[in-house]
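Single-structure report; data block below.
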Amino acid sequence: MKIGALKEDYILELEMLYDEDDAKVLLEMAIEHITGIPYRKLLLLPEDQRLNPIQVQQLLTVLNDLKIGKPIQHILGEAHFYGSVFKVNENVLIPRPETEELVDWIINDHAGSSTKNKSVLDIGTGSGCIPISIKKYLPAFRVSTMDVSPQALDMARENASQLKTDINFINADILNYTTEDKFDIIVSNPPYIRELEKEQMHNNVLSHEPHMALFVSNEEPLVFYKAIADFAKKQLHHGGQLYFEINEYLGQETVDMLLAKEFSDIELKADMQGKDRMIKAVRV
């Protein structure tokens with residue numbers, strides 16, 4: 001089967017789930033994963049050096065999984081994030097571009113920091129993409145991370161080992177976690193999607209990603225933010241920074257909550273799409 005025919009199959013078979021451009025991207029991701037050759041470089045090879053029958057069969061198997069709504073990252077078992085490849089499965093959220101922007105904000109804020117040995121705590125780690133990326137680019141920092149899910153921590157540990165980063169892992173629920181440790185930075189991408197927002201979401205997220213990492217009640221959408229802010233008031237050093245990824249519809253509510261808890265220098269930041277998706281605050 002020629003690449004052109006395979007592309008037509010992907011577009012036709014996935015038209016109920018993805019538009020044409022998205023279907024092409026999914027094929028390109030699958031081809032690069034299976035062949036190890038970027039799609040555009042593959043097109044430059046002679047016809048008889050492109051795809052062999054085994055690779056074609058693997059790509060058709062990927063297509064069958066995509067047709068039932070399985071995310072491409074779960075099919076391939078990996079996701080690209082901030083210059084690294086992370087293993088993922090159904091126990092963790094697939095890392096997303098807005099989370100890369102949050103990580104980039106932290107790294108840019110602290111690159112070249114005069115205090116090299118800062119301590120960082122990530123809360124709700126999932127795949128480990130946030131703490132591992134911070135440790136990779138700020139190697140002198142002491143980084144800890146926690147999650148309530150043992151299965152998520154297993155995946156994060158595997159990623160930390162694969163990416164050769166030294167991370168301290170904690171299996172705990174932030175809603176009832178206590179410690180004597182103090183931190184310079186606390187960061188979290190906690191559950192923040194309200195139940196009423198489910199209808200706006202793609203079915204492959206609803207059917208294949210862990211709901212406990214995604215959803216909160218309509219009545220208490222900031223339940224984790226409030227708990228983490230209370231924790232940060234006690235466990236951040238004075239002048240320490242709290243970073244959140246947030247619900248784009250609850251930016252002002254999150255600012256007001258942090259103001260009520262007497263954080264200072266609160267900065268609400270939009271992502272590349274112009275949506276309020278990140279916030280930073282300082283412990284007085």
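With a Förster radius of 25 Å applied to the C-beta separation of LEU175 and LYS269, the computed FRET efficiency comes to 0.45. Summed over the residues of the chain and divided among them, the accessible surface reaches 49 Å² per residue at a probe radius of 1.4 Å. For the chain, the normalised intensity computed at q = 0.11 Å⁻¹ comes to -0.69 (log10 of I(q)/I(0), Debye sum over alpha carbons, equal scatterers, no solvent). Summary of packing: across the peptides 117-123, 146-152, the per-residue average of other C-beta atoms within 10 Å ranks them, highest first, as 117-123, 146-152. Of all DSSP beta bridges confined to the chain, the antiparallel ones make up roughly 45%.
About the centre of its Cα atoms, the chain shows a dipole size close to 1040 debye [charges on the beta carbon of Lys, Arg (+1) and Asp, Glu (-1) only; nearest 20 debye]. Here the spin labels are modelled as points 7 Å beyond Cα on the Cα-Cβ line, and at ASP230 and ASP65 they lie 4.1 nm apart. Between LEU43 and GLU15, the simple label model (points 7 Å from Cα in the Cβ direction) yields a spacing of 2.2 nm. Per atom type, the chain shows carbon and sulfur on 49% of its accessible surface, probed at 1.4 Å.
Greater than 31 Å separation of Cα atoms is the criterion. Which listed pairs, LYS135/LYS261; LYS7/LYS136; LYS136/LYS280; LYS7/LYS269, meet it? Table pairs above 31 Å Cα-Cα are LYS7/LYS136; LYS7/LYS269. Size of region 147-202 from its Cα atoms: along the principal axes, largest to smallest, the extents are 39, 30, 21 Å.
The values are calculated or read from the model by the stated rules, or taken from the named source; none is laboratory data. As the structure is a prediction and not an experimental result, all values here were calculated from the model. Positions of Cβ are backbone-derived with ideal geometry, glycine not excepted, and every protein chain shown enters the neighbour counts. We work out accessible area using only protein heavy atoms, side chains counted, and drop any ligands, DNA or RNA first. Shrake-Rupley method; radii C 1.70, N 1.55, O 1.52, S 1.80 Å.
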